[in-house]
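Peer 1: Below you will find the structure I want to go over with you.
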Amino acid sequence: MPLPDNFSPVEHLQDTIRRTFSREVREWFRDIDLDGDLDIATPRSSLALACEHRDDDSFNMTIGRILLFETLRGRFADRLVNASSGAGSTTYRTDVRRRTRPKISLYFIEDANDVETGYAPVDGTISFRLMDHTPSSITPVIAQTYAQRIKSNFDIGGGFVWKKGKNMYSYSDWPNGYQLQLLCRTDTEARRIVDAVLDVQSHVPDWSYFNEKINAEPASAFPIIPDIDRAYGEQRRQPRRRPVADVRFQYATLEVLGVANPVVLVDRSGVLPTALVS
């Protein structure tokens, strides 16, 4: 069938986007009333407004909205893949008790304005197990209780800030689900973080489980500006090791054995869909 005389490829593309892309955007932001007044001061509402296609959009605006939306979805998928430790798999060794317990992970990232030119943002993850629960005993109601405690401890005052440094501090209490390894600048900072993490389960730290490991020559072992070495046929700057940076709490997830994707407990970034506690 020949194309009509007044056929416009641009209008045809715009119409196709309205019928397909817009439906996906609305499904992704199904927790928001896109037909109402959106509050751009709220991160997720602001993202929804920026992604939704409008009838009067120019072609460039349409492409911009698509790029933003696909970037958000791709970033979410990457986070789920990179955050997974196999807890979503249904094949596991039944003799490893600790690994089958639900796992909560807290994610932190450096503020965009603080990122050094030429480097990626510094990030950090803190994870622990819920040893009082199994995949069969954990429920959405229980998960919401943990989400509320995380929000109270970490989603406050613009987001909990972890001051990362070059010293390694650990807190190992396996029976209670903790094997924390924290890069911090001071003993005081590490203890502050341990306190906040353990409080999610209403635990009180036993400081006999707390250890400190400081390198004798941190400036040499972990230089601020790493060396340039030859890699893949070119001279390239090597990755930074233990960079000093302030990383801010972004979101928390719960991984349960047998559940395909992590459950988003809290999300202050506004990127992830449908957190249990907003």
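Read-outs: derived from the displayed coordinates by stated rules, not from any lab. What you see is a predicted model; the values in this text were computed from it and never measured. Every residue, glycine among them, receives a Cβ derived from its backbone with ideal geometry; neighbour counts consider all protein chains shown.
Peer 1: Which of SER220, SER170, SER136 moves the most in a Gaussian network model of the chain with Cα springs under 10 Å?
Peer 2: Looking only at SER220, SER170, SER136, the largest GNM fluctuation is found for SER220.
Peer 1: Next question, about the same structure. Filter the trypsin sites (Lys or Arg not before Pro) in the range 189-258 down to the DSSP loop ones having no more than 16 other Cβ atoms within 10 Å, then list what survives.
Peer 2: Those satisfying the criteria are ARG241.
Peer 1: At 222 nm, what helix-only mean residue ellipticity would the chain give, in deg cm²/dmol to the nearest 500, using -39500 (n - 2.57) for each DSSP H run of four or more?
Peer 2: Numbers: 6 runs with 86 residues, N = 278.
Rounded to the nearest 500, the figure is -10000 deg cm²/dmol.
Peer 1: Residue-wise, which Karplus ³J(HN,Hα) couplings in Hz belong to the range 256-268, taking 6.51 cos²θ - 1.76 cosθ + 1.60, θ = phi - 60°, and x for glycine or proline?
Peer 2: Those phi angles translate into 10, 4, x, 9, 4, 10, x, 8, 7, 7, 9, 9, 8 Hz.
Peer 1: Ok, one more. Would you mind checking which residues have amide H under 5 Å from ASP173's amide H? H placed 1.01 Å from N; only 5 or more apart, or other chain.
Peer 2: TYR178, GLN179, LEU180
Peer 1: For GLU255, GLU189, what's the fewest-to-most ordering of other Cβ within 10 Å of each Cβ?
Peer 2: So the residues, fewest neighbours to most, are GLU189, GLU255.
Peer 1: Which residue, VAL271, PHE7, TYR232, has the largest displacement toward the positive end of the dipole of the chain when charges sit on each Cβ (Lys, Arg +1; Asp, Glu -1)?
Peer 2: So the residue we want is TYR232.
Peer 1: How high is the relative contact order of the range 9-77, in percent, counting Cα pairs under 8 Å that sit 6 or more residues apart?
Peer 2: Worked out over the range 9-77, it gives 30 percent.
Peer 1: Taking the Cα atoms only, what angle lies between the long axis of helix 59-83 and the longest principal axis of the chain, rounded to 10 degrees?
Peer 2: Rounded to the nearest ten degrees, it is 30.
Peer 1: Right, something else. Got a sec to turn the phi values of the range 123-134 into Karplus ³J(HN,Hα) couplings, 6.51 cos²θ - 1.76 cosθ + 1.60 with θ = phi - 60°, whole Hz, x for Gly and Pro?
Peer 2: Result, ordered by residue: 10, x, 9, 10, 10, 8, 9, 9, 6, 7, 10, 10 Hz.
Peer 1: 5 Å is the cut-off here: which amide hydrogens, built 1.01 Å from N in the peptide plane, fall below it relative to ASN167, excluding neighbours closer than 5 in sequence?
Peer 2: CYS184
Peer 1: Now for a separate question. Roughly how tilted is helix 140-154, in degrees to the nearest 10 and between 0 and 90, from the longest Cα axis of the chain?
Peer 2: Helix 140-154 sits at roughly 70 degrees to that axis.
Peer 1: Can I ask one more? Go ahead and set up a Gaussian network model of the chain, Cα springs under 10 Å, then flag whichever of GLN238, GLN201, GLN14 fluctuates most.
Peer 2: Of the options given, GLN238 has the highest mean-square fluctuation.
Peer 1: When only DSSP loop residues count, what chymotrypsin sites (Phe, Trp or Tyr not before Pro) in the range 185-273 have their Cβ near at most 15 other Cβ atoms within 10 Å?
Peer 2: Passing sites in the range 185-273 are TYR232.
Peer 1: Output wanted: per-residue J couplings in Hz (rounded whole) for the range 199-205, from phi through Karplus 6.51 cos²θ - 1.76 cosθ + 1.60, θ = phi - 60°, x for Gly and Pro.
Peer 2: Per residue, the Karplus-derived 3J(HN,Hα) values read 5, 4, 9, 6, 9, 9, x Hz.
Peer 1: Let me ask something else. What is the range 197-262 by shape, rounded, prolate or oblate, if you read a ≥ b ≥ c off the alpha carbon gyration tensor as root eigenvalues and call it rounded for a/c under 1.5, prolate for a/b larger than b/c, and oblate otherwise?
Peer 2: Here the range 197-262 falls in the oblate category.
Peer 1: Would you please name the trypsin sites (Lys or Arg not before Pro) within the range 137-187 that are DSSP coil residues with at most 14 other C-beta atoms within 10 Å of their C-beta?
Peer 2: Those that pass, being in a loop and sparsely packed, are ARG185.
Peer 1: Below 17 Å Cα-Cα, how many Lys pairs turn up in the range 87-267? Only count pairs eight or more apart in sequence, or on different chains, if you could.
Peer 2: For the range 87-267, qualifying lysine pairs total 4.
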